[in-house]
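Encoded as structure tokens, the structure appears first; notes follow it.
The values are calculated or read from the model by the stated rules, or taken from the named source; none is laboratory data. All values derive from a computational prediction rather than experimental measurement. Quick reminder, even Gly has a Cβ in these numbers, built from the backbone with ideal geometry, and neighbours come from all protein chains shown. Only protein heavy atoms, including side chains, enter the accessible area calculation; ligands, DNA and RNA are left aside. Shrake-Rupley method; radii C 1.70, N 1.55, O 1.52, S 1.80 Å.
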Amino acid sequence: MFKNKLTLVIALVPFFITAQVSFTNSNSLLGNDLLTSGVAIGVADMNADGLDDIIRFDGAIFLEIEYQTQSGNFTRAEINPGQFLFPWAVCIADVDRNGFNDIVTGGEYNDLKLLTSRDGNAFDSTTLDGNDIFVQNVNFVDINNDGDIDLFACHDDGVSSPYNNNSQGGLNYDLSLINARSTMPSNNSGNYGSIWSDYDNDGDLDLYISKCRIDVDDPMDGRRLNLLFQNDGNGNFTDVAQAAGLLPLGQSWATSFEDIDNDGDLDAMIINHDISSVIYENNGNGTFTDITAATTISSELRSFGYGIQVIMEDFNNDTFVDLFLTAIDGNHILFINNGDKTFTEVPSPFPTGNLTIQSAAAGDLNNDGFIDILAGFAEDFNFPSDNPDILFLNDGNSNNWSEIRLQGIESNINGIGARIEIEGAWGKQIREVRAGESYGTMNSLMTHFGLGAHTEISKITVKWPSGIVDEVANPNINTSILIIEKSTLDIKEFDKNKFKIYPNPASNSINIGLNEKINLKSVTLYDVLGKQIDVTFNETDTNINIDLSKLDSGLYFVHLHANKTQFVHKIIKQ
């Protein structure tokens, strides 16, 4: 059940004052409190009940799911498809759109497997085709934006492997989706962490790969030069890491993108091993600036151990995302965001004794609106130690929150790749829905926002991969909200009393005449695959002219978004 938070508002205290964060060992709630994992662990809703569950491999071999219950504990299930030999990565999404999330996992040349869920409890196992690879990380993402979720698998020893969804729930190796080759000629090895994110705010997903190659000392060697593949929106990817300023020239392990300053674009945190880890601010023009020295934690980042994971979440619900880093040696560290692009280390937030958290996954694991951590203590990157995993539940505070789940209709069913914005008295916060993050782990598909002492959200905006935009005004807070694609819009064919469209078919341009004044918010053009097309619009109070001169012949759809109604009409380019 949802546990609403009581909020004490003291008018003279600003909402951005840092709230402390602490966690409690809650293994007594688990069905298997002695399980020891490797690096690959995950948090996701596996049985479609709206609650985050726990996915992990006992002894880094046997898959188990711990299902969160409404009563607050977990029910253990041993998954039947067999055993897995030390998987290095796991990610989760609904590949076949049957309403239940599926699992992909793989490791060091021991097959990449798709576990398809029949009903949230029973799974069928398929070994994927393509090259036999050393999997370091996997992401579910709709690479070609056709509405079906695809797969991207980082390969340690060569070019990474993309898989195209065949619209029947199968994944086929398809290098035409993206050929993520190194810009600097090399054997294309060294691919570790991968993350898909719209870093340049142009409405499509780009790919960043953190690269590392042990015993390669030259920072300009292509085997360890990070890659930022910018998407032009038409399925063409170009490495722009150097031009964007996201080339730290270190042995990088993992990267995350989140908006640390709530200015509407995504900043970056990169974990490096041979040089300091780095925090980058997005300049808003497709480039980044290293602001590590100004964050007040540069010395901590320099002395940080052999980092593995980076998780960026608002752990204290004060409206600003925080930083949680794990390591194979040294120590794990939690930094609270002070709201001014500086951070403060939290002393001993996790009661681990002297143990270092090596791998972690995040989600709301007791349904109280605060982000919790599933922590693992593997050794040598991927071998389980004698120390059981720990479920750390966030002790919380009086701050408010919102959690948003998506269901795609034209987009992939999980809404992976969607941009969610919430607006209120604090300004705007943004998040992206992702599957497979950091290095081999899976964080919750449910999007979490802290609200501080604020008691209202004025608007939630969901920008779907399909280009559809849903808006929810004045939603309830301190609860989980499900937003279904197109649910806030009426989709109607052009009303001849409101519009006239001519000529149609058209050669170079088409006109939309407005017979009455409407509150027009946007004009968008799509091709038959649902991909948004960049064209030039000229608007007056009574007419919209669309330049078609650069388009190929064929069928297109024009969408007019007015108030809460979206009008659509077919147009033909001769």
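Remarks
- Simple spin-label estimate for R76 and N25 gives 1.7 nm between the two label positions (7 Å along the Cα-to-Cβ direction from each Cα).
- Counting 0.36 nm for each residue step from E539 to S507 and taking away their Cα separation leaves a gain of 9.6 nm.
- Whole-Å distance, taken between Cα centres, linking the range 331-369 and the range 81-154: 28
- Mean residue ellipticity (222 nm) of the chain, computed from DSSP H runs ≥ 4 via -39,500 (n - 2.57), nearest 500: -500 deg cm²/dmol
- Carbon and sulfur %, accessible surface of the chain computed with the full protein complex present, 1.4 Å: 47
- Extension gain, S522 back to R118 (0.36 nm per residue minus Cα-Cα distance, nm): 141.4 nm
- Point-charge dipole on Cβ atoms (K/R +1, D/E -1) for the range 232-288, about Cα centre, debye to 20: 240
- In the context of the full set of protein chains, residues of the range 103-207 present 33 Å² of accessible surface per residue (probe radius 1.4 Å, heavy atoms only).
- For the chain, size of Cβ-based charge dipole, Lys and Arg +1, Asp and Glu -1, in debye: 1500
- Prolate/oblate/rounded call for the range 270-341, Cα gyration tensor, a/c under 1.5 rounded: oblate
- Lys/Arg +1, Asp/Glu -1 at C-beta; the chain dipole; positive extreme among I328, C154, F288: F288
- Packing-based ranking, highest mean first, of 141-153, 158-170 given that Cβ atoms within 10 Å are counted: 141-153, 158-170
- The listed peptides 87-94, 116-123, 362-369, ordered by packing as a protection proxy, come out as 87-94, 362-369, 116-123 (highest mean of other Cβ atoms within 10 Å first).
- Placing +1 on the Cβ of every Lys and Arg and -1 on the Cβ of every Asp and Glu, with nothing else charged, gives the range 392-551 a dipole about its Cα centre of roughly 200 debye.
- Here's the picture: charge each Lys and Arg Cβ at +1 and each Asp and Glu Cβ at -1 in the range 125-248, and of G170, A243, N188 the one pushed furthest to the positive end of that dipole is N188.
- The residue list L114, I65, G99 was ranked by how far each Cα lies along the charge dipole of the range 63-187 toward its positive end, using unit charges on Cβ atoms, and I65 comes out on top.
- Amide H partners (placed H, <5 Å) of T441, local residues excluded: V90
- In this calculation the C-beta distance from K500 to D132 is compared with R0 = 51 Å, giving a FRET efficiency of 0.30.
- A 1.4 Å probe run over the range 317-435, with the rest of the protein chains in place, finds 27 Å² accessible per residue.
- Cβ-derived FRET efficiency at R0 41 Å, S125 paired with K459, nearest 0.05: 0.40
- When you restrict to C-alpha pairs under 8 Å that are six or more residues apart and normalise by the size of the chain, the relative contact order lands at 14 percent.
- Aspartates and glutamates whose Cα lies under 18 Å from that of K500, excluding same-chain neighbours fewer than 8 positions away: E516, E539, D541, D547
- Spacing of the two label points (7 Å from each Cα toward its C-beta) at N166 and D215, in nm: 4.0
- Sequentially through the range 303-317, phi angles give Karplus couplings (6.51, -1.76, 1.60; θ = phi - 60°) of 8, 4, x, 6, x, 10, 10, 10, 10, 10, 9, 8, 6, 10, 6 Hz, Gly and Pro residues having no value and appearing as x.
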